[in-house]
Amino acid sequence: MLFYKVEGMLMNNGAENEDSRRAQREAARRIYMKSEDYNHKRGRDAYCFVSESSDGLLTAGMIADQAEDAQHTAEVFLNDIGCPLKDMTFSEVTIGNIQQMLGRSDHNGFIEDAGEILEKFGIDRAIGRHGRGIEFGENMIDDCTRKEITGKVDRYLLGETLLPELDRIYAGSTSKKAQGHPVHYMLQTDNVDTRREGSKLLLQALYANGRVSSKRYCFLNFRPGEDFSVMAYDSLYHVCAGSAVVVRYLANDDSEEDGVANSERDTIERLCEVAKRHRNQVLTIFCLPRECKHAKAMFYENLGSMTMVEVREDDTDHTRAMDFLKLLAKENHVRTDKALFAKLDPEKGYLAAELRSIFDEWYNAKLKTSIYPQYKDLQVVKQEVVKAAPKGSAYDDLQEMIGLSEAKAVIKKALNYYKMQKLYEDKGVKPGSPAMHMVFTGNPGTAKTTAARLFARIMKDNGLLSKGQLVEVGRGDLVGKYVGWTAQTVQAKFKAAKGGVLFIDEAYSLVDDRSGSFGDEAINTIVQEMENHREDVVVIFAGYPNEMEKFLQKNPGLRSRIAFHVPFADYNANELVRIAQMMGKSKGVCFEEEALAKLTSAFEAARKQSDFGNGRYVRNLLEQAKMNQASRLLEYDFDAITAEEIKTIKAEDIVIPEVKTEVKRTIGFAC
């Protein structure tokens, strides 16, 4: 399906009174009636309409099944409705353009209902006007000669696989009409520029030789296990008849034979199903990461009778790497030197993206030292980034918390890791998307939830997350009451946590002894959603140390997706005293010296209990001390009580708990 835009000056300009709204409405009505009559006679192979008419300039649009004689069809239409043009321009446009033009036509009264036209040609389902659409982008193929295309191949080191295919494309005579697609393509690269430009070079050659009818092509991103509407996706392919679809499959190839692998297979099966159905009308270019054997094998299993031509980046030896650097230097009008070539390892093979990064780093240094030496003493931005301290008040709040030394070290490590991912790009190393999922293990009251809330804010402040909210859930929030509800419930929680942290407390409560239970469904869905949302949701599992270890042992797929394990140790007596002082300060009270000594004894005794609650215990003890203080002060003469006495907790207000000890039972007599 092709979309066109026509513009030109009306030959009969001036015949209408432009200042009269009534005259404009009448003119629009006449155009509408004549357009309806023309399109009714024409049938479904094309639809023509006027979009705008102002100051003698008219804009029209056309939806056509075939490219042949499209311009002639537009001229016949304009003459038929009494709007012949001079200085007419005729160009192909995107789906988005034609949608906007139909909207303006509807607004100006040249058509009855833009929505009906979109529905008539199946465009509405593709763009999501009703129900679930598909998120896609569009671009136009530039006209390019074979020499220009071949010259660009060298810039992306695609010659070994792309040049033979270009020879095949240019073999024989150029076709005036696309007659199906003998082959489709599998482009494997980790570099965004190589992926984009490699696809464009293929499409430029195919269009120049009449292998695709349309200059317009669509591109989409899919992730393993991603849910999407097959109906909407199929509708997009229908709208793209005569053009191409570039499917960018963003896999990381670490899937295992668990819920993620199954959901990934489902995604690939649906992508291939639609591509096969439209293989003679729509050219498909599948783009995968360079090393993606697992997903690639599944694509080939499901592509059936489609013939795929693989395009991959070349591995370069030392000589070819040097030649590539020389080419970049020539393009930038600068001479090479030993410092540039010294950056190459003679024993290593390089990809184009790595060599560009090497060149860029050398070129930036050369600009400052040789070409503009007045700037040689100024620091580069990345050095400032390395030295920069973590941002935000939440990081300061975490550092001020009592204890939590390992938790503080982990968040520092996580921030440094994320910072280095940004800097690795300067070295030509693929940074990937770091998984930031964590496990918090510790007894009650060790500040796991508080630390998680601060982690969320810290990651937002430092660019790891977009929103930084904390969504706290337990088993009851994830497991549905009926079959099929659990997966939807888990997905809804991940959606709520998008851009923030999903905190799953006592995650091991999801595990039970029944295979195929709702708990298993919840865990499998969690693993799948962790993969789907690895860039925009951080999952933190929290619970008791022993139970959490058993939980992870039962779920190896889950363990492999957790980047950081953070133990929260019980507080010692001195730390608990400091916590009590902080809590007291927030409530406007303080402790006398004897009270602090008694607190230390109380905490040392309490820590021996099996159900010791750490921070929670401190909070309860403080509340009990305040109640004891109130009872003590009631015995005083109220008028004699000072503000200082009201603020001070004394030793007598603190009650040391009785330590529960286990009694050993023996059989027989004891001495």
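Please give the contour-minus-distance gain from Asp397 to Ala171: 0.36 nm per residue of separation, less the Cα-Cα distance, rounded to one decimal in nm.
Gain on extension, Asp397 to Ala171, equals 74.5 nm.
Using a 1.4 Å probe, what is the accessible area per residue for the range 26-140, in Å²?
Each residue of the range 26-140 exposes 49 Å² on average to a 1.4 Å probe.
Give the share of C-alpha pairs in each 10 angstrom bin for the range 450-583, from 0 to the last occupied bin, in whole percents, shortest bins first.
P(r) over the range 450-583, rounded to whole percents: 12, 39, 32, 13, 4, 0.
Calculate, for the range 445-511, the solvent-accessible area per residue in square angstrom, rolling a 1.4 angstrom probe over the heavy atoms of the protein chains.
Per residue, the range 445-511 has an accessible area of 44 Å².
Once fully extended, how much extra length lies between Glu347 and Met583, figured as 0.36 nm per residue of separation less the alpha-carbon to alpha-carbon distance?
Between Glu347 and Met583, full extension yields 78.8 nm more.
Can you flag which of Lys5/Lys34; Lys200/Lys498; Lys326/Lys368; Lys200/Lys296 are past 31 Å Cα-Cα?
As for pairs spanning more than 31 Å Cα to Cα, those are Lys200/Lys498.
What is the spin-label model distance, in nm, from Met140 to Gln488 if the labels are put 7 Å beyond Cα along the C-beta direction?
About 4.4 nm separates the two model spin labels.
If contacts are Cα pairs under 8 angstrom and at least 6 residues apart, what is the relative contact order of the range 44-199 in percent?
15 percent
Give me the one-decimal nm value for the distance between modelled label points at Asp69 and Ala297, 7 Å along each residue's Cα-to-Cβ direction.
Between Asp69 and Ala297, the label points sit 5.3 nm apart.
For the range 522-644, what is the accessible area per residue in Å², given a 1.4 Å probe and the full set of protein chains?
Per residue, the range 522-644 has an accessible area of 52 Å².
How much of the accessible area of the range 30-99, probe 1.4 Å, is carbon plus sulfur, in whole percent?
Percent of accessible area from carbon and sulfur atoms in the range 30-99: 44.
Taking R0 as 25 Å, what's the FRET efficiency between Asp536 and Met420 from their Cβ-Cβ distance, rounded to 0.05?
Efficiency for this residue pair is about 0.80.
Between Lys495 and Val230, what's the calculated FRET efficiency when r is the beta-carbon distance and R0 is 25 Å? Round to 0.05.
Efficiency computed from Cβ-Cβ geometry: 0.75.
Give me the distance in nm between label points sitting 7 Å out from Cα along the Cα-to-Cβ direction at Glu148 and Lys413, one decimal.
Distance between the two pseudo-spin positions: 5.3 nm.
Once Rh is set to the Kirkwood radius over Cα pairs, what Stokes-Einstein translational diffusion coefficient, in µm²/s, holds for the range 178-317 at a temperature of 37 °C and a viscosity of 0.692 mPa s?
214 µm²/s
Under the 0.36 nm per residue contour assumption, what length would be gained going from the current alpha-carbon distance of His333 and Arg607 to full extension?
Extending this stretch completely gives an extra 91.4 nm.
Whenever you get a sec, compute what percent of the accessible area on the range 165-239 sits on carbon and sulfur atoms (1.4 Å probe).
It is 46 percent, rounded to a whole number.
So what's the convex hull volume per residue for the Cα atoms of the range 1-144, in Å³?
Normalising the Cα hull of the range 1-144 by residue number yields 116 Å³.
Residues of the range 304-326 with amide nitrogen under 13 Å from the 7 Å Cα-to-Cβ point of Glu160?
From the range 304-326, the list is 311-318, 320-321.
In terms of the ratio Rg/(2.2 N^0.38 Å) built on C-alpha atoms, what value belongs to the range 287-380?
Normalised by 2.2 N^0.38 Å, the Cα Rg of the range 287-380 equals 1.54.
The values are calculated or read from the model by the stated rules, or taken from the named source; none is laboratory data. This is a predicted model, so every value here is computed, not measured. Using ideal geometry, Cβ is built from the backbone for each residue, glycine included, and neighbour counts are taken over all protein chains shown. All accessible areas refer to the heavy atoms of the entire protein, side chains included, with ligands and DNA or RNA removed. Shrake-Rupley method; radii C 1.70, N 1.55, O 1.52, S 1.80 Å.
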